[in-house]
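Here's the structure we're looking at; comments come further down.
Derivation of every value follows stated rules applied to the coordinates shown; laboratory data play no part. Owing to the predicted nature of the structure, the values given are computational and were not obtained by experimental measurement. Glycine gets a Cβ as well: all are built from the backbone with ideal geometry, and neighbour counts include every protein chain shown.
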Amino acid sequence: MTRSTHNKTREEAALDLMSQVLREGRPLAAEYPLVFGEDTQGHVELIETEGEPASTCAWLERTLITPACEVPVALVGSVATRADRQGQGLGTAILDRATTKAASEGAALSLLWADDPSWYQERGWVPFGTETIYVIDGTMAFLLPEPDGVRAARAEDAAAIHQLYANRPVRVDRSEDETRAMLGVPAMQVVVKEQGGQIVGYACMGRGEDLQQVIHEWAGTPQDALPCVSELWRANSDQAERLFMMIPPTEADFIAYFEFVKARGASGILCMARLGSTEAMARVFDQATPDNVSATASGPDTIDVTGPGGTIRLTDHQILLALCPPRGDRRVTNVVETDVGTELTQLPIQPFIWGLDSI
Ligand SMILES: CC(C)(COP(=O)(O)OP(=O)(O)OC[C@H]1O[C@@H](n2cnc3c(N)ncnc32)[C@H](O)[C@@H]1OP(=O)(O)O)[C@@H](O)C(=O)NCCC(=O)NCCS
């Protein structure tokens, strides 16, 4: 955690408040090593009233990697206001503080996960991106491949797991040390498939008190990753009627597989987003559009996109809908294409945030 802007006591006070409000006093620091661990880049915001911690949140600068572009973002989490101070505007203020700082440090977007998105939607956050969830249950699990060669992951597997992760074209950028730290979070089951002495697939389920029964990060071909899913079902089906598996929209083979075995599934949103720095966002559009199209920041919440056919000014939510609408809805991108006079084949982008990266 950065020590430059906050002293340790404030960070500990923030962490205490988060654990009181979000975990009924149970500790949560170990679940988020990239935010609360030593020597990491996490930030914690805290508002005090009458000298007492009242509202807090955490945020972390990250880069979304996609084939079309790299997007600097801030992931925001653990938003919490003390029960007797709720409804006084503090939650709104702490989020504004985090997103304004993130934008000034170059984040094109702030992103967060919300159990109940309505509070965030009322504060200018919009649904962003796509995530498909399939149900693993007794009606289809017998069709999964046998878990041959699958075993519980060991500490020494971290480098191989990271290598499989880093080969993914769509991911959040992270180092091997960061993957290693996150593999140590409590209450997570990690299994690997080994073949000829090599780790060729892995899958992670559960993550502290979040994502229980959810297989939220995995890698490998279907032949190598699905046996890991099969093993997680085998090991948990006596306590759980069903498991869930998160799948990025870009994983066509996995989606085709789950459709083929008639697994129940639904396409939902990836997360909630709020526009950050328009300079950073213009650079994202420059990367994701052809050479004859350019984007410039024309204000704190507008960018101008210019192509052979003309210029379109996009504002706030329009920017997010052109870049990465929920469920791949291309309507705003189509309008941009018409106005700039050329096809934008790389838009919308399809980023994904695997479970270990959630904060
Ligand atoms: C959600 C939370 C952070 C809001 O903090 P806060 O300091 O009360 O926020 P504000 O005072 O800025 O906003 C409160 C307003 O949102 C409303 N609100 C609270 N929760 C809401 C929800 N789930 N959906 C819609 N509106 C909600 C309140 O009624 C209040 O409305 P009002 O201003 O018209 O009276 C706080 O309620 C909290 O800590 N909740 C428990 C932890 C939690 O759910 N955190 C989110 C984890 S991602």
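Any chance you could run the full-extension gain for Thr139 through Glu122? It's 0.36 nm times the residue separation minus the Cα-Cα distance, nm to one decimal.
Details: separation 17, 0.36 × 17 = 6.12 nm, distance 3.96 nm.
Taking 0.36 nm per residue and subtracting the Cα distance, the gain is 2.2 nm.
Quick one: 3J(HN,Hα) in Hz for segment 29-40, Karplus 6.51/-1.76/1.60 with θ = phi - 60°, rounded, Gly and Pro as x.
For segment 29-40, the Karplus curve yields 4, 5, 6, 10, x, 6, 9, 9, x, 6, 6, 10 Hz.
Quote the charge dipole size of the chain about the Cα centre in Debye, to the nearest 20; the model charges only the Cβ of Lys and Arg (+1) and of Asp and Glu (-1).
Details: 29 positive and 51 negative charges, 56 e Å.
Dipole magnitude for the chain comes out near 260 debye.
Mind checking the dipole of segment 132-270: about its Cα centre, +1 per Lys or Arg Cβ, -1 per Asp or Glu Cβ, Debye to the nearest 20?
On the way: 12 positive and 20 negative charges, 33 e Å.
The dipole of segment 132-270 has a size of about 160 debye.
Tell me the GluC sites (Glu not before Pro) within segment 13-104 that lie in a loop according to DSSP and have at most 14 other beta-carbon atoms within 10 Å. Before the final figure, lay out the partial values.
Values: sites: Glu24, Glu31, Glu38, Glu45, Glu48, Glu50, Glu61, Glu70; in loops: Glu24, Glu38, Glu50.
Passing both the DSSP loop test and the Cβ count: Glu24, Glu38, Glu50.
So for each of 219-228, 79-88, 332-341 I average, over its residues, the number of other beta carbons within 10 Å; can you give me the resulting order with the highest mean first?
Details: 219-228: 21.0, 79-88: 15.7, 332-341: 18.1.
Going from most to least packed, we get 219-228, 332-341, 79-88.
Could you derive backbone 3J(HN,Hα) for segment 297-304 from the dihedral phi with the Karplus parameters 6.51, -1.76 and 1.60 (θ = phi - 60°), listing whole Hz in sequence and x where the residue is Gly or Pro?
Taking θ as phi minus 60°, the curve returns 6, 10, x, x, 9, 9, 10, 9 Hz for segment 297-304.
With labels modelled as points extended 7 Å from the Cα through the Cβ direction, what inter-label distance (nm, one decimal) is found for Asn292 paired with Arg234?
Rounded to a tenth, the inter-label distance reads 5.7 nm.
If neighbour count is taken as other Cβ atoms inside 10 Å, put Met281, Met246 in order from fewest to most.
Met246, Met281
Can you give the relative contact order of segment 87-188 as a percent, counting alpha carbon pairs under 8 Å and 6+ residues apart? Before the final figure, lay out the partial values.
Numbers: 21 pairs, mean separation 14.0, N = 102.
Relative contact order for segment 87-188 comes out at 14 percent.
Note down the relative contact order for the chain as a percent, whole number, built from C-alpha pairs under 8 angstrom at least six residues apart.
Values: 743 pairs, mean separation 69.4, N = 359.
Computed value for the chain: 19 percent relative contact order.
Determine the distance separating the Cα centre of segment 140-158 from the Cα centre of segment 220-273; give it in Å without decimals.
Spelled out, the Cα-based centre of one part sits 14 Å from the other.
Once you order the gyration tensor axes a ≥ b ≥ c over the Cα atoms, which shape class does segment 243-343 get: rounded for a/c under 1.5, otherwise prolate or oblate by comparing a/b with b/c? Could you put the intermediate results ahead of the total?
Values: a/c = 2.97, a/b = 2.05, b/c = 1.45.
In terms of gyration-tensor shape, prolate.
Output ³J(HN,Hα) for segment 330-336: one whole-Hz value per residue in order, computed from phi by the Karplus curve 6.51 cos²θ - 1.76 cosθ + 1.60 with θ = phi - 60°, and x for Gly and Pro.
Listing the rounded values in order: 9, 5, 6, 4, 4, 5, 4 Hz.
List every residue whose amide H lies under 5 Å from the amide H of Ser298, counting only residues 5 or more places away in sequence or on a different chain, with H placed 1.01 Å from N in the peptide plane.
Close amide H contacts, sequence-distant or interchain: Ile303, Asp304.
May I ask for log10 I(q)/I(0) of the chain at q = 0.06, 0.09, 0.12, 0.14 Å⁻¹, from a Debye sum over the Cα atoms as equal point scatterers with solvent left out?
Calculated log10 I(q)/I(0) at the listed q: -0.24, -0.54, -0.94, -1.21.
Taking amide H positions as placed 1.01 Å from N in the peptide plane, with prolines and chain starts having none, which residues 5 or more places from Arg264, or on another chain, fall under 5 Å of its amide H?
So Arg264 has HN proximity to Val135.
Going by Cα centres, segment 75-106 and segment 317-338 are how many Å apart?
27 Å
Mind checking the dipole of segment 273-340: about its Cα centre, +1 per Lys or Arg Cβ, -1 per Asp or Glu Cβ, Debye to the nearest 20? Please list the in-between numbers first.
Details: 6 positive and 9 negative charges, 50 e Å.
That gives a dipole near 240 debye.
With runs of 4+ DSSP H residues as the only contributors, calculate the mean residue ellipticity of the chain at 222 nm using -39,500 (n - 2.57) per run, divided by the residue total and rounded to the nearest 500. Please list the in-between numbers first.
On the way: 11 runs with 108 residues, N = 359.
After summing the helix terms and dividing by the residues of the chain, the value is -9000 deg cm²/dmol.
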